[in-house]
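Chemist: Take a look at the following structure, please.
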Amino acid sequence: MKASVIGYPRIGKHRELKKALEGYWSGRLSIDDLASAGAAIRRENWLTQRDAGIDFIPSNDFSLYDQVLDTIALVGAVPDRFHWDGGTVDLDTYFAMARGAQREGLDVAAMEMTKWFDTNYHYLVPELHPGQRFSLSSRKPFEEFAEARELDITTRPALLGPVSFLLLAKSRVEGFDPLDLLDALLPVYQEVISDLAAQGAGWIQLDEPCFVQDRTDAERGALEHAYSVLATRRGSANLLVQTYFGPVLESFRTLVDLPVQGIGLDLVRGAENLGTLATEGFPADKALAAGLIDGRNIWAADLDAALDVLGRLSDVVPSDRLIVSSSCSLLHVPYDARLEHDLDLRLVEWLAFAEQKLDEIALLTAAVNRGPDAVADDLAARRRALDRRRHSEWVHRPGVEERAAVGRQDAARQMPYEQRREIQRVRLDLPAFPTTTIGSFPQTAEVRRNRNRLQKGEITQTEHDAFIAEEIRRTIALQEEMGIDVLVHGEFERSDMVEYFGERMEGFAFTRHGWVQSYGSRCIRPPIIFGDVFRPGPMTVKWSTFAQSLTDKPVKGMLTGPVTILNWSFVRDDQPREDTCRQIALAIRDEVGDLQEAGIRIIQVDEPALREGLPLRRRHWPDYLEWSVFCFRLATGVANPEVQIHTHMCYSEFDDIIEAIAALDADVLSIENSRSNLELLDTFRRFDYRQGIGPGVYDIHSPRVPSEEEMAHNLRAAGQVLSLDQLWVNPDCGLKTRRWAEVEPALRNMVEAARDLRAAAVVVSK
Ligand code: GLN
Ligand code: ZN
């Protein structure tokens, strides 16, 4: 049996690639500096995998920005606006597609970016049009293969498969299906495959992750067609068609009947694949890459369970055709848990980042090839660690699971929305079209410096707090002066909306080096939820009440919702996600209770990541939406009728989950709108949304200051489909990434736009 890895993290153990990229973009580093930083990372990745005992080591899994963008370059699908004149796609063009460009008469927008399946990684969406031409336009897969050869490593080049490439693509031409371009695309893939084979590649990996999603027969037909065409040019190379992120279900037959030499299946998220294999069997002429080590989470694997699965697989596939693999690319986990010197040692032994996962894969392989006795000590040590985790009193806290198990009855407000609305109307006494913001104000260099100095111990907590108090005082005064109706404190004390709460709850841990690529040079460090979650004490009451003490206008209490905290963390794997979410919801509920107790009249519970947690298969949506809506309601249901609950969502499509959004039963929803204006309004034409709603009147991702007229226009458009007395006026999202010089004039214009509307509404009602 052989050991395999599908892909490896590439940002560098110490984020060397991030530094090199940002250095190159700012002009501080040369193209050669960037190239050598990339080469050093690839070299280290390959050697690490080889030394760990991995047989099938990928190449071309490295990327300077994104693997889908690499594929766009490989097949020469550069959109016209980048004025690429053919030949090899140069680095300027490559980065212009990723980031947009403004230079020498060129002013082009970046390509659209969107989430890679249900991960927090973002890819660039191929833009294809009818009549699109393709040509081999990058040497990257060949160069990287040759580079690894220099180290005496024959890699398995990884490519995004042609069918998934087209399924992930978009076209601006209404009704055009990019899959129609398959026959135009395949010759380029044929060329890549035959050239790699000629170069000496024994195996080539073609990722077709789209086949873990719901697919039509026509799409499965395209897959069959594609691989029958590619098979003719493989020469001496074997082709592995790799899937990940779930079970292939009804696409199983099509996949295993493809004229290729290996099929890769995810047996972690796609545990159902095991049942399918048992009933359907597996063809005798193929190898099976069994994705047994979880590439999506950071927990040490239960190797006994994995060996058990291998035992069952060996009834279907003889071990010489069985490959032990990661369940997906290890791109989605950090490099090395051993770098975490500050983490509690109890936790470290339960973790497996990429390097630890290599050892797990190698150990499983050795247990099969040499017999479990040969690695008995190693297996036993891991078994003991897992046992400690199972029985840890640090993980299982008395009372927390019990409390989360009940609580169904708590998930409803005491009164229906219509009645709450009247009570709140009297208590809050807001004008028509109330103005507000989403929560954060600019996180200036000074705000960040102050936080860093506290972390380094250069200033005391008291000094830090005095600084925050001053920022809040200034921000409250400014909002009052501008005439905003519902104020916020500005979130200056928060580095990140999840981290801030995680640090104040039990059951969370934070790494120092646990970076995972989000897009390009951007990395995130997700918190690790390892144990039962509860709130030892108030988390936000101090700053919220301080801010409220400075003004008579309502100041919103500002909380991150349970579903967003869950979806932006590494979540424990020893209980269902929904159970963990319910524990977080109860902690947030405690905070809502304390805020209202302290006299806060409006509380916003942000859920920007609600949609991101949607399962890849439609049939699993209702269940997810049911428990996530329940958790939000559990968190907010404690609010008395006179307390107004707001929620906020952004940067995703809402149309198909609008029923669930309404079911959150928030009194007011602020929602991103200005980048997808028409779509959102269509939604409200179709769906009768009753509660208060603030469709964002301006895009906060751009530094430009929108005019009063522009915002009034957006509001009037919203007024066409929503009733005037439910409309709120607010930006799309928080203002933390903007500068004060942009925020101030923009908000002044926004307040004016609301005033215009009020004046016009009076005229209408006369
Ligand atoms: N309240 C948060 C802020 O304003 C919301 C951020 C978000 O939606 N991602 O920053
Ligand atoms: Zn937002």
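The values are calculated or read from the model by the stated rules, or taken from the named source; none is laboratory data. Quick caveat, the model's predicted, so the values are computed rather than measured. Glycine also receives a Cβ, built like all others from the backbone with ideal geometry; neighbour counts cover every protein chain displayed. Areas reflect the complete protein model, heavy atoms only, side chains present, ligands, DNA and RNA absent. Shrake-Rupley method; radii C 1.70, N 1.55, O 1.52, S 1.80 Å.
Chemist: What's the extension gain from Ser723 to Lys456 if we count 0.36 nm per residue and subtract their Cα-Cα distance? Display every interim value, and only then the final one.
Modeler: Working: separation 267, 0.36 × 267 = 96.12 nm, distance 5.16 nm.
Additional length available on full extension: 91.0 nm.
Chemist: At a 1.4 Å probe radius, carbon and sulfur cover how many percent of the accessible area of the stretch 629-766?
Modeler: Carbon-and-sulfur percentage of accessible area, whole number: 52.
Chemist: Return the calculated 222 nm mean residue ellipticity for the chain, to the nearest 500 deg cm²/dmol, obtained by summing -39500 (n - 2.57) across DSSP H runs with n ≥ 4 and dividing by the residue count. If you can, show how the numbers build up before the last one.
Modeler: Values: 27 runs with 323 residues, N = 766.
-13000 deg cm²/dmol, from helical runs alone.
Chemist: How big is the charge dipole of the chain about its Cα centre, in debye rounded to the nearest 20, if each Lys and Arg gets +1 on its Cβ and each Asp and Glu gets -1 on its Cβ?
Modeler: I would put it at about 780 debye.
Chemist: Amide H neighbours of Cys523 under 5 Å, counting only residues 5+ apart in sequence or on other chains, H built in-plane at 1.01 Å?
Modeler: Amide H to amide H, under 5 Å and 5 or more residues apart or across chains, Cys523 pairs with Ser518.
Chemist: Moving on. Over all directions, how big on average is the projection of the convex hull of the alpha-carbon atoms in the stretch 517-631, in square nanometres?
Modeler: Values: hull surface 36.7 nm².
Its Cα hull, projected and averaged over all orientations, spans 9.2 nm².
Chemist: What are the lysines whose alpha-carbon lies under 26 Å from the alpha-carbon of Lys553, with same-chain residues fewer than 8 places away excluded?
Modeler: Straight-line reach from Lys553, under 26 Å: Lys542, Lys736.
Chemist: Moving to a separate point now. By its C-alpha gyration tensor, with a ≥ b ≥ c as the square roots of the eigenvalues, how is the stretch 374-433 shaped: rounded for a/c under 1.5, else prolate for a/b larger than b/c, else oblate?
Modeler: Because a/c hits 1.5 or more and a/b exceeds b/c, the stretch 374-433 counts as prolate.
Chemist: Angle check, please: helix 461-482 long axis (alpha carbons) against the longest principal axis of the chain (alpha carbons), in degrees 0 to 90, nearest 10.
Modeler: Orientation of helix 461-482: about 60 degrees from the principal axis.
Chemist: Roughly what would the spin-label model give for Ala40 and Arg28, points 7 Å off Cα along C-beta, in nm?
Modeler: Label-label distance for Ala40 and Arg28, simple model: 1.4 nm.
Chemist: Find the all-direction average of the projected area of the Cα convex hull for the stretch 173-219, expressing the result in square nanometres with one decimal place. Before the final figure, lay out the partial values.
Modeler: Numbers: hull surface 18.8 nm².
Its Cα hull, projected and averaged over all orientations, spans 4.7 nm².
Chemist: Another question, if that's okay. In whole percent, how big is the carbon plus sulfur part of the accessible area of the stretch 550-598, probe 1.4 Å, protein atoms only? If you can, show how the numbers build up before the last one.
Modeler: Details: 550 of 1310 Å².
Whole-percent figure for carbon plus sulfur exposure: 42.
Chemist: Still on this structure, I have one more. Which ³J(HN,Hα) values, rounded to whole Hz and listed in residue order, are derived for the stretch 60-67 from phi using the Karplus coefficients 6.51, -1.76 and 1.60 in 6.51 cos²θ - 1.76 cosθ + 1.60 with θ = phi - 60°, glycine and proline given as x?
Modeler: In residue order, the calculated couplings are 6, 7, 6, 8, 6, 8, 6, 6 Hz.
Chemist: Where does each of 78-86, 584-592, 438-446 land if you order them by average Cβ count within 10 Å, highest first? Each step should come with its number before you reach the end.
Modeler: On the way: 78-86: 14.7, 584-592: 24.9, 438-446: 19.2.
Ranked by mean Cβ neighbours within 10 Å, highest first: 584-592, 438-446, 78-86.
Chemist: A further question follows. Could you estimate the translational diffusion coefficient of the stretch 118-236 from the Stokes-Einstein equation, with Rh from the Kirkwood formula over C-alpha pairs, at 37 °C and 0.692 mPa s, in whole µm²/s?
Modeler: Working: Rh = 15.5 Å.
For the chosen part, D equals 211 µm²/s.
Chemist: Hey, another quick one. Rounded to whole Å and sorted largest first, list the principal axis extents of the Cα atoms in the chain.
Modeler: Its Cα atoms span 80, 63, 52 Å along the three principal axes.
Chemist: While we're here: At what distance in angstrom do the alpha carbon centres of the stretch 47-115 and the stretch 610-631 lie from each other?
Modeler: When both Cα centres are located, 33 Å separates them.
Chemist: Express the accessible area of the stretch 532-607 per residue in Å², computed with a 1.4 Å probe while the remaining protein chains stay in the model.
Modeler: On the way: 2100 Å² over 76 residues.
In whole numbers, the stretch 532-607 has 28 Å² accessible per residue.
Chemist: Follow-up. Take the Cα atoms of the stretch 347-466, build their convex hull, and give its volume per residue in Å³. Walk me through the intermediate numbers first.
Modeler: Values: hull volume 38.0 nm³, N = 120.
Per-residue hull volume (Cα only) is 317 Å³.
Chemist: Rounded to two decimals, what ratio of Rg to Rh does the stretch 306-383 give with C-alpha atoms and a Kirkwood Rh? Write out the running numbers ahead of the final one.
Modeler: On the way: Rg = 14.3 Å, Rh = 14.0 Å.
My calculation of the ratio gives 1.02.
Chemist: Under the rule of at least 5 residues apart or a separate chain, name every residue whose amide H is placed under 5 Å from the amide H of Met558.
Modeler: Amide H neighbours of Met558, under 5 Å, 5+ apart: Gln604.
Chemist: If you take the square roots of the eigenvalues of the alpha-carbon gyration tensor of the stretch 217-285 and sort them as a ≥ b ≥ c, do you get rounded (a/c under 1.5), prolate (a/b over b/c) or oblate? Please report the intermediate quantities before stating the final value.
Modeler: Values: a/c = 1.95, a/b = 1.59, b/c = 1.23.
Here the stretch 217-285 falls in the prolate category.
Chemist: Another question, then. Using mean Cβ contacts within 10 Å as the protection proxy, how do 21-30, 348-357 order, highest first?
Modeler: Values: 21-30: 14.2, 348-357: 21.9.
Per-residue Cβ counts within 10 Å, averaged per peptide and sorted highest first, yield 348-357, 21-30.
Chemist: Can I ask one more? Treat the stretch 629-766 as a sphere of radius equal to its Kirkwood radius over Cα pairs and apply Stokes-Einstein at 4 °C in a medium of 1.567 mPa s; give the translational diffusion coefficient in µm²/s, rounded to a whole number. Don't skip to the end; give the middle numbers.
Modeler: Numbers: Rh = 15.8 Å.
For these conditions, the coefficient is 82 µm²/s.
Chemist: Per residue, how much accessible surface does the stretch 281-417 expose to a 1.4 Å probe? Answer in Å², no decimals. Could the numbers behind the result be given before it?
Modeler: Values: 6070 Å² over 137 residues.
Ligands and nucleic acids excluded, the result is 44 Å² per residue.
Chemist: Restricting to the chain, what percent of DSSP beta bridges are antiparallel, rounded to 5? Intermediate values should be presented prior to the final figure.
Modeler: Numbers: 13 of 65 bridges.
For the chain, the DSSP antiparallel bridge percentage is about 20.
Chemist: Would you list the P(r) distribution for the stretch 52-190, with all Cα-Cα distances sorted into 5 Å bins from 0 and each bin expressed as a whole %?
Modeler: 2, 9, 18, 21, 20, 14, 8, 4, 2, 1, 0
Chemist: Once you list every other residue whose beta carbon is under 12 Å from the beta carbon of Leu566, what net charge do they have if Lys and Arg are +1 and Asp and Glu are -1? Walk me through the intermediate numbers first.
Modeler: Values: positive: Arg572, Arg577, Arg582; negative: Glu578, Asp579, Glu607, Glu612.
Around Leu566, the surrounding residues sum to -1.
Chemist: Okay, moving on. Taking all pairs of different Cα atoms in the stretch 127-192, averaging 1/r and flipping that mean, what Kirkwood radius in angstroms comes out? Before the final figure, lay out the partial values.
Modeler: Numbers: mean 1/r = 0.0738 Å⁻¹.
That comes to 13.5 Å for the stretch 127-192.
Chemist: Which ³J(HN,Hα) values, rounded to whole Hz and listed in residue order, are derived for the stretch 553-568 from phi using the Karplus coefficients 6.51, -1.76 and 1.60 in 6.51 cos²θ - 1.76 cosθ + 1.60 with θ = phi - 60°, glycine and proline given as x?
Modeler: So the J values, rounded to whole Hz, are 5, x, 10, 6, x, 10, 10, 8, x, x, 6, 5, 4, 4, 6, 9.
Chemist: What's the angle, to the nearest 10 degrees (0 to 90), between helix 182-199's Cα axis and the longest principal axis of the chain?
Modeler: 50 degrees
Chemist: Tell me, what % of the accessible area of the stretch 299-401 is carbon and sulfur with a 1.4 angstrom probe? Could the numbers behind the result be given before it?
Modeler: On the way: 2300 of 4600 Å².
Summing carbon and sulfur atoms, their accessible area is 50 percent of the total for the stretch 299-401.
Chemist: Hey, another quick one. Going highest first, how would you order 474-481, 146-153 by mean Cβ packing within 10 Å?
Modeler: Values: 474-481: 17.2, 146-153: 14.6.
Those peptides, ordered most packed to least, come out 474-481, 146-153.
Chemist: Between the stretch 175-233 and the stretch 488-519, what is the C-alpha centre distance in whole Å?
Modeler: 41 Å
Chemist: For labels at His620 and Ala376 in the simple 7 Å Cα→Cβ model, what's the distance in nm?
Modeler: Between His620 and Ala376, the simple spin-label model gives 3.9 nm.
Chemist: Mind running the shape call on the stretch 486-557? Use the C-alpha gyration tensor, a ≥ b ≥ c as the square roots of the eigenvalues: rounded below 1.5 for a/c, prolate if a/b tops b/c, oblate otherwise.
Modeler: Working: a/c = 3.80, a/b = 1.64, b/c = 2.32.
Oblate is the answer for the stretch 486-557, as a/c is 1.5 or above yet b/c matches or exceeds a/b.
Chemist: Quick one: which residues, 5+ away or cross-chain, put their amide H under 5 Å from the amide H of Phe534? H built at 1.01 Å from N.
Modeler: Amide H neighbours of Phe534: Glu506.
Chemist: Under a 1.4 Å probe, what is the accessible area of the stretch 629-716 per residue, stated in Å²? Could the numbers behind the result be given before it?
Modeler: Values: 3090 Å² over 88 residues.
Computed with neighbouring chains in place, this is 35 Å² per residue.
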